[in-house]
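Novice: Here it is: the structure, laid out below.
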């Protein structure tokens, strides 16, 4: 069986971008921290950039922990990479951590702000323990930048 | 518009990236080469440096970075040490961030993969700086692209 990272060299890469609770409020929630772009704006840019790079982007959001776990499980053996901004579940969810560990493709934890620069309860991440990479503090640009990095990351 | 320029600093030990078992074929020269190519494409002047010397690194951050529009830094083990050393290092970084220049920390491997890891990413004067962790050489390229976006938006 061809593993996901080898398949990525042959076919269009597939990535699921998973967004957790309250990210549907982007653009109106604490814009001084998260900016004025809505999640739809970001999704549109990621899909567009993905098409330019031959990366098929599935961009999803839920406020429910179980739904995030479902999406990670659905990605197993079906996509090459996951980019996950688990929002506040980053700091609490062993279930998401366990699901990510079951996914053998490339995994990036993403945050718009830098959680380590904020309240101490945001300093622990169960997601970081299960991902290959972590990108924080680059604002909403972080989403597109991670998409742009995927082709070379999957060749490494 | 003035030329965009990025200073990339690499801390102690990064001149020799070979792992003990020889499995790591990545070298700092390879990373430098990839950064050179990307910066040429983005019309960015690049200065790529490495030092094992803490005082020299502090000088690079405090003095030399003044003449660049963005700073990318892999501090390596400089994020560990006595509180005095950490304070000096953090103060220098905050000085740069205070000038509203993009500052992005890069780590080759995921430092959070080890649950015993306690050292947080560097902090700016009013919160987080950019942080790219665990992407190997690609992390440097992502950081350059991130700095380029910020400079174009400024």
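Each reported figure results from applying straightforward, stated rules to the coordinates on display, with no laboratory input. Keep in mind it's a predicted model, so treat the numbers as computed, not measured. Positions of Cβ are generated from backbone atoms using ideal geometry, with glycine treated the same way; all protein chains shown enter the neighbour counts.
Novice: For the protein assembly as shown, what does -39500 (n - 2.57) per DSSP helix run (n ≥ 4), summed and divided by total residues, give at 222 nm, in deg cm²/dmol to the nearest 500?
Specialist: Dividing the helical sum by the residues of the protein assembly as shown leaves -11500 deg cm²/dmol.
Novice: Tilt of helix A:141-155 relative to the longest C-alpha principal axis of chain A, in degrees (0 to 90, nearest 10)?
Specialist: Tilt relative to chain A: about 30 degrees.
Novice: Right, something else. Express as a percent, rounded to the nearest 5, the fraction of DSSP beta bridges in the stretch B:53-154 (both residues included) that run antiparallel.
Specialist: Antiparallel bridges make up about 20 percent of those DSSP assigns within the stretch B:53-154.
Novice: Partner chain Cβ atoms within 10 Å, averaged over the residues of A:115-123 - can you pull that number for me?
Specialist: Working: counts 4, 9, 10, 2, 0, 0, 0, 0, 2.
Per residue, the number of nearby Cβ atoms from other chains is 3 on average.
Novice: Taking each residue of B:101-112 in turn, how many C-beta atoms of other protein chains fall within 10 Å of its C-beta, and what is the average?
Specialist: 3
Novice: Taking 7 Å along the Cα-to-C-beta vector as the label spot, tell me the residue B:45-residue A:88 distance in nanometres, rounded to one decimal.
Specialist: Output for this residue pair reads 4.8 nm.
Novice: What does DSSP give for the protein assembly as shown in terms of the percent of beta bridges that are antiparallel, rounded to the nearest 5?
Specialist: Bridges in the protein assembly as shown are about 10 percent antiparallel.
Novice: Right, another one. Name the most mobile residue of B:40, B:113, B:143, meaning the one with the largest mean-square fluctuation, in a Gaussian network model of chain B with Cα contacts below 10 Å.
Specialist: Checking each option, the largest mean-square fluctuation is seen for B:113.
Novice: Post the alpha-carbon centroid distance, the stretch B:47-118 to the stretch A:71-140, in whole angstrom.
Specialist: Measuring centre to centre over Cα atoms gives 25 Å.
Novice: Semi-axes of chain A's equivalent ellipsoid from the Cα gyration tensor, sqrt of 5 times each eigenvalue, largest first, rounded to whole Å?
Specialist: For chain A, the semi-axes come out at 24, 18, 13 Å.
Novice: Continuing with the same structure: Please give the FRET efficiency for residue A:22 paired with residue B:55, using the beta carbon to beta carbon distance and R0 = 51 Å, rounded to the nearest 0.05.
Specialist: 0.70
Novice: Determine the relative contact order of chain A: mean sequence separation of Cα pairs under 8 Å and six or more apart, normalised by residue count, in whole percent.
Specialist: Reported as a whole number, the value is 28 percent.
Novice: Additional query: Taking a ≥ b ≥ c as the square roots of the eigenvalues of the Cα gyration tensor of chain B, is the shape rounded (a/c under 1.5), prolate (a/b larger than b/c) or oblate?
Specialist: oblate
Novice: Residue B:63 to residue A:67: FRET efficiency via 1/(1 + (r/R0)^6), r the Cβ-Cβ distance, R0 41 Å, to the nearest 0.05?
Specialist: Using R0 = 41 Å, I get an efficiency of 0.20.
Novice: By average Cβ neighbour count within 10 Å, what is the ranking of B:80-93, A:66-79 from highest down? All intermediate terms of the calculation are to be shown ahead of the outcome.
Specialist: On the way: B:80-93: 13.6, A:66-79: 17.5.
Answer by packing, highest mean first, reads A:66-79, B:80-93.
Novice: Quick one: Cα convex hull volume of the protein assembly as shown, Å³ per residue?
Specialist: 136 Å³
Novice: Mind running the shape call on the stretch A:56-122? Use the C-alpha gyration tensor, a ≥ b ≥ c as the square roots of the eigenvalues: rounded below 1.5 for a/c, prolate if a/b tops b/c, oblate otherwise.
Specialist: prolate
Novice: Okay, moving on. Assuming R0 = 30 Å, what is the FRET efficiency of residue A:41 and residue B:119, from their Cβ-Cβ distance, to the nearest 0.05? Write out the running numbers ahead of the final one.
Specialist: On the way: r = 34 Å, r/R0 = 1.15.
With a Förster radius of 30 Å, E is 0.30.
Novice: In addition: Mind checking the mean number of beta-carbon atoms from other chains within 10 Å of the Cβ atoms in A:140-149?
Specialist: Values: counts 0, 7, 5, 0, 3, 8, 3, 0, 5, 7.
Taking all residues of A:140-149 together, the mean is 4.
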